[in-house]
Amino acid sequence: TVIEGRPYLVGLGVDITRRRELEQELMRQARTDDLTGLFNRRHFLEKSEQELVRAVRYEKPLSVLMFDIDEFKMVNDKYGHQAGDSVLRKVAEACRNALRGVDIVGRMGGEEFAVLLPETDIVQACEVAERLRQDIAGAATLLEQGNELKITVSIGVTTLVEDESDIDRLLNLADKALYEAKRSGRNCVCTG
């Protein structure tokens, strides 16, 4: 603009920090399970698809764990939903402690969780599953009444084979192995 014959540049600045913070919070909410802080089902599947493509392209091993909390309904019925929520948070904490940063962990719904293990063959995946099972069984959730509640999980393990390139198929195989672990008495690891 020109004022009294002299040109001036006029600018206007707007602080969008709050808007950016809100956008980031919405992105976080869209990707994570609010209760556990793990990836939600949708984001877990998105990340897993990406990792599956990479594994197939570079011919790298890839394994999947599916697990759920044994007798979880009894926890909610006997101790209430707050206790159930505490158990879910404790399981999520055990996952964060027992797994690598590159592993993809998600709460698939209710008391069911999935873990994608990049560059991990079936033997290594079974070792990871067993370590996770033991960590969860060794942890206790402190209830409001002051009691400690011990929980266990049953885990199904599968791995990528040459003719598989579908994450839903891998999850289905791991889920079948999970139900075999349930039929085998719970608190164990089975492969599929």
Quiz item: Of L88, L116, which residue is hydrophobic (A, V, I, L, M, F, W, C) and closer than 14 Å to V157 by Cβ?
Solution: L116
Quiz item: For region 42-62, does any single residue satisfy the condition of being within 19 Å of T158 (Cα to Cα), polar (S, T, N, Q) and under 16 Å from the mean Cα position of the chain (by Cα)?
Solution: yes
Quiz item: How many residues does region 87-104 contain that are open to solvent by less than 20 Å² (accessible area, probe 1.4 Å), assigned to a helix (DSSP H, G or I) and without any contact (Cβ under 8 Å) to a residue 60 or more places away in the chain?
Solution: 5
Exercise. Working only within region 162-172, note down all residues that are open to solvent by less than 40 Å² (accessible area, probe 1.4 Å) and outside any loop (DSSP other than H, G, I, E, B).
Key: I167, L170, L171
Quiz item: For region 72-86, what are the residues that are assigned to a helix (DSSP H, G or I), of a type outside the set (S, T, Y), open to solvent by less than 60 Å² (accessible area, probe 1.4 Å) and over 25 Å from E127 (Cα atoms)?
Solution: V75, N76, A83, G84, D85
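Could you please let me know if T158 is surrounded by 22 or more Cβ atoms within 10 Å (Cβ to Cβ), touching a residue at least 24 places away in the same chain (Cβ under 8 Å) and over 20 Å from H43 (Cβ atoms)?
Yes.
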Quiz prompt | The lone exception for G185 - which of (1) open to solvent by 30 Å² or more (accessible area, probe 1.4 Å); (2) under 21 Å from A94 (Cα atoms) it fails | solution = (2)
Quiz item: Filter region 6-37 for residues that are in a loop (DSSP other than H, G, I, E, B) and under 19 Å from R89 (Cα atoms); which is least open to solvent (accessible area, probe 1.4 Å)?
Solution: T36
Exercise. Determine if region 64-78 includes at least one residue that is over 16 Å from V153 (Cβ atoms), under 20 Å from the mean Cα position of the chain (by Cα) and not hydroxyl-bearing (S, T, Y).
Key: no
Quiz item: Among the residues of region 146-155, which ones are touching a helix residue (DSSP H, G or I) at 6+ places or on another chain (Cβ under 8 Å) and either in contact (Cβ under 8 Å) with a residue 60 or more places away in the chain or farther than 26 Å from K176 by Cα (or both)?
Solution: L149, I151, T152, V153, S154, I155
Practice problem: Filter region 109-161 for residues that are in a loop (DSSP other than H, G, I, E, B) and among the β-branched types (V, I, T) and give the result. | Solution: T120, I151, T152, V161
Practice problem: Find the residue count for region 38-65, including only residues that are open to solvent by 70 Å² or more (accessible area, probe 1.4 Å) and either of a type in the set (G, A, S) or at positive phi (or both). | Solution: 1
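The values are calculated or read from the model by the stated rules, or taken from the named source; none is laboratory data. Small disclaimer: the values here were computed from a predicted structure and weren't measured. Ideal geometry is used to build each Cβ from the backbone, glycine not excepted, and the neighbour counts take in all protein chains shown. The protein model used for the area step is the full one, side chains on, heavy atoms only, and it has no ligands, DNA or RNA in it. Shrake-Rupley method; radii C 1.70, N 1.55, O 1.52, S 1.80 Å.
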